[in-house]
Amino acid sequence: MKKSTPQLRCTTKRSDFYHARSPWDVRCSIAMVFILILSPIGSVAGESVSSDSSESPTILEQFSPEVSAAFERALSDRDSFRGHAGNWILLSDEKMDFLADILPGGNLEAVNWMDATYLWKPRESGKSLEVLERLEGLDFIEFFIPDKQDKKTPRLVPNDPDFPSQWHLSNSGQSGGLNGEDVNITAAWNSYNGTGVTISIIDDGLDHAHPDLNPNYQASASYDFCDSDSDPTPSGNDAHGTAAAGVAAAAGNNGVDVTGAGFGANLAGSRLIACWAGDSLDASALGYMPQDIDIYSNSWGPSDDGATISGPGPLTLSAIENGVYKGRGGLGNIYTFAAGNGLQNDDDSNADGFTNSRYTIAVTAVDHNGVQSSYAEPGANILVAAPSDGDDVGITTTDISGSSGYSGGDVTDSFGGTSSATPLVSGVISLMLEANRNLSWRDVQEIIVLTSKKNDIGDVSWEANGAGHLVSHKYGFGVIDAGAATSMASNWSTLIPESNVTYGPTTTTLPITEEGGWVESQFTVTDNISIESVSIMVDISHSNRGDIDIELMSPAGTVSVLKSSNGDAGDDIQDWIYSSVHHWGESSEGNWTLRLKDSSPGVIGTLNSWSLTLHGIDLESDHDDDGLLTVDEINIHGTDPYNSDSDGDGTDDGD
């Protein structure tokens, strides 16, 4: 009888591959896998490979959201897998021995701190991607990503002798504070330092002869508005502006004194607050050279006594508006303002018309533990926080050269207040603008909202608004994060033009009585705007306005505290505009409720009128009437929202 040639017959199921124990079973299992790998999918004859169809969680779903998101980011760049010639990270429920047998050569290692995760180091990388794709298609591995090798760059540590004391830039706990409670800037310095960006310090003067300020000094953009000349040198012991300038943009890595946040930025000075200045002079300073100056840093404002409701005059308001709409070639100047140091007087930043403007960035302060500084005012208008003095630890920065100033030397370690937090934010913004010179003033605010770090996270002031943003009356959206902000800025797409819708003013008065608790007035908003900020103008008659509490509640239920009762014995609140950023990202559509309460008996007040203005992106507009929503033209279609025929083919974009 003629002998037949032995045939390889394997009946082991996929799920039994790694249970095979006899040499024959092992050879069958591996041989079958190699046939599957080397054959086109779907063309293998013979036994089919079955897989378990249970609905148990995937490997990825068993990791933390942060780890899962990191895998998802790597998977989204699948095109880059083609050129990878190194190691691979695999996720698989198969046993390691089985995977080692079916992978064609190399070394397989388990990632021992992660379940079902392996590192494969192929002996030859030429066909490793093809092999992995086949194994993925056959469900032997859940998915794979390249183990990319990135060059690690050490964080820049400036050689300035006082940099180790500047905990606000790099907090290692050197002052007894919490490690990491800083602005996360040292890694960002590897790419950006503010080069090409001009920061103007509007203050009591600037000692531009200081050896650590002079290298960055830009005389052509500087002015003394008190003495009407081009030299902003301070008088006597007026060291406030010089200290603020050092925080923002002292020259860095030059072996001299301290390091500024934007140590490569141009530094201009405007001497203004050293003298009594009226509306016209304030306007002149805040509108000075708007095509040459990018950022106006202001560490000043009205009194923080808790009894002052005051702000810019009409000329100054107009100058700021002109700056944001026409400055920087139409991108808009950036205005930072100190939120105020009046917490001990129950002051609120919303009582300051400079920080209350939606065109400005109101900056509050936290100490070296990331906790609200003892003086830092709250407010619904506050956008961001930054480190400053507190807990008996100050900020190290430049002082007037010589014996004048705070400390009788070129450096002081006792600067602070929101006066120091503000130029720190200005310096970080200079890095953002260097990363992307096309950022508008609204882009800068949006990026700060999206990237700021949540500090003191256990504090009860944090609230998730209707758009999911955590926001606080103490901290705004958190402490500014230079690394995250510059990273986002570098790939940012400009926001579509803003829309502004006003409801009111009301025409019926409303008594504010102490017996009935809250009294309410409401607008029903039919416009669908993605909110950036909200402005509320109120006119209230009351002989003791400190008795009044005022809140605004959005359709999403988010509450903005516009005013809390305090000891202010002044009369009335006349046509005052409160602002809030707490509704950022919420839809405007629905009922907006103004709530008022009189906290003390004896006096009855009256809400004479109020109006509501919503600022943001109109989600239902079609500016060029081409049948496509403006927001969709930018975010989905990539067409020009102001040109109905973007490609010039004679038909509307929507056709």
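The values are calculated or read from the model by the stated rules, or taken from the named source; none is laboratory data. Note that this is a predicted model, so its numbers are computed, not measured. Heads up, the Cβs are rebuilt from the backbone with ideal geometry, glycines too, and the neighbour counts pull from every protein chain shown. What goes into the accessible areas is simple: the full protein's heavy atoms, side chains included, and nothing from ligands, DNA or RNA. Shrake-Rupley method; radii C 1.70, N 1.55, O 1.52, S 1.80 Å.
Could you please find all residues in the range 570-616 being among the hydrophobic types (A, V, I, L, M, F, W, C), assigned to a loop (DSSP other than H, G, I, E, B), over 19 Å from Ala467 (Cα atoms) and touching a strand residue (DSSP E or B) at 6+ places or on another chain (Cβ under 7 Å)?
Ile604
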| message | Please pick out the residue among Gly180, Gly137 that is out of contact with any helix residue (DSSP H, G or I) (no Cβ under 8 Å at 6 or more places or on another chain), of a type outside the set (Lys, Arg) and open to solvent by less than 40 Å² (accessible area, probe 1.4 Å). | response | Gly180
| message | Given the criterion within 28 Å of Ala283 (Cα to Cα) and surrounded by fewer than 24 Cβ atoms within 10 Å (Cβ to Cβ), identify the matching residue among Asp162, Asp227, Asp204. | response | Asp227
| request: Go through the range 478-520 and give me each residue that's out of contact with any strand residue (DSSP E or B) (no Cβ under 8 Å at 6 or more places or on another chain), closer than 30 Å to Asp367 by Cβ and in a loop (DSSP other than H, G, I, E, B). | output: none
| request: Name the residue, out of Asn438, Asn381, Asn455, that is in a loop (DSSP other than H, G, I, E, B) and over 30 Å from Leu619 (Cβ atoms). | output: Asn455
| task | Evaluate the range 486-496: report whether one residue or more is within 17 Å of the chain's Cα centre (by Cα), open to solvent by less than 10 Å² (accessible area, probe 1.4 Å) and in contact (Cβ under 8 Å) with a residue 60 or more places away in the chain. | result | yes
| request: Within the range 40-94, work out how many residues are of a type in the set (A, V, I, L, M, F, W, C), modelled with pLDDT of 80 or more and open to solvent by 80 Å² or more (accessible area, probe 1.4 Å). | output: 0
| query | Looking at (1) open to solvent by less than 30 Å² (accessible area, probe 1.4 Å); (2) over 10 Å from the mean Cα position of the chain (by Cα), which is the only condition Pro511 fails? | reply | (1)
| message | Restricting to the range 514-527, name every residue that is polar (S, T, N, Q) and open to solvent by 30 Å² or more (accessible area, probe 1.4 Å). | response | Gln522, Thr524, Thr526
| field | Residue selected from the range 233-254 under the condition more than 24 Å from Asn184 (Cβ to Cβ) and touching a strand residue (DSSP E or B) at 6+ places or on another chain (Cβ under 8 Å), by the criterion surrounded by the fewest Cβ atoms within 10 Å (Cβ to Cβ) | value | Thr233
| Do you know which residues across the range 535-559 are over 19 Å from Val501 (Cα atoms), open to solvent by less than 10 Å² (accessible area, probe 1.4 Å) and of a type in the set (S, T, N, Q)? | Thr558
| message | Suppose the filter is assigned to a loop (DSSP other than H, G, I, E, B), of a type in the set (A, V, I, L, M) and touching a Lys or Arg at 6+ places or on another chain (Cβ under 9 Å); does Ile400 pass it? | response | no
| note | Among residues of the range 634-655 being under 31 Å from the mean Cα position of the chain (by Cα) and over 30 Å from Ser357 (Cα atoms), the residue least open to solvent (accessible area, probe 1.4 Å) is Thr639
| field | Leading residue by the ranking (nearest to Asp547 (Cα to Cα)) among those in the range 592-625 that are surrounded by 18 or more Cβ atoms within 10 Å (Cβ to Cβ) and of a type in the set (A, V, I, L, M) | value | Leu596
| field | Count of the range 286-322 residues which are surrounded by fewer than 21 Cβ atoms within 10 Å (Cβ to Cβ), of a type in the set (D, E, K, R) and closer than 30 Å to Asp346 by Cβ | value | 1
| task | Return yes when Glu142 is free of Cβ contacts under 8 Å to residues at least 24 places away in the same chain and under 30 Å from Leu60 (Cα atoms) and no when it is not. | result | no
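Conditions tested, residue by residue: (1) of a type in the set (Phe, Trp, Tyr); (2) farther than 27 Å from Val479 by Cα; (3) assigned to a loop (DSSP other than H, G, I, E, B); (4) within 23 Å of the chain's Cα centre (by Cα).
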position	(1), (2), (3), (4)
Asp305	no, no, yes, no
Gly323	no, no, no, yes
Gly329	no, yes, no, no
Gly332	no, no, yes, yes
Thr336	no, no, no, yes
| remark: Reported set for the range 174-205 where residues are under 26 Å from Ala268 (Cα atoms), not in a strand (DSSP E or B) and not hydrophobic (A, V, I, L, M, F, W, C) is Asp182, Asn184, Thr186, Asn190, Ser191, Tyr192, Asn193, Gly194, Thr195, Gly196, Asp204, Gly205
| message | Restricting to the range 95-134, name every residue that is touching a residue at least 60 places away in the same chain (Cβ under 8 Å) and open to solvent by less than 20 Å² (accessible area, probe 1.4 Å). | response | Phe98, Ile102, Val131
| query | All but one of (1) at pLDDT 95 or above; (2) over 27 Å from Pro211 (Cβ atoms); (3) more than 22 Å from the chain's Cα centre (by Cα) hold for Gly180; which doesn't? | reply | (3)
| Residue check: is Ser461 assigned to a loop (DSSP other than H, G, I, E, B) and either open to solvent by 20 Å² or more (accessible area, probe 1.4 Å) or farther than 22 Å from Glu532 by Cβ (or both)? | yes
| said: When you scan the range 284-297, do you find a residue that is outside any helix (DSSP H, G or I) and under 15 Å from Ser357 (Cα atoms), even just one? | reply: yes
| message | I'd like to know if the range 360-370 contains one or more residues that are open to solvent by 30 Å² or more (accessible area, probe 1.4 Å), farther than 30 Å from Ala556 by Cβ, more than 17 Å from the chain's Cα centre (by Cα) and touching a residue at least 60 places away in the same chain (Cβ under 8 Å). | response | yes
| remark: Within the range 255-273, residues touching a Ser or Thr at 6+ places or on another chain (Cβ under 6 Å) and open to solvent by 40 Å² or more (accessible area, probe 1.4 Å) come out as Asn266
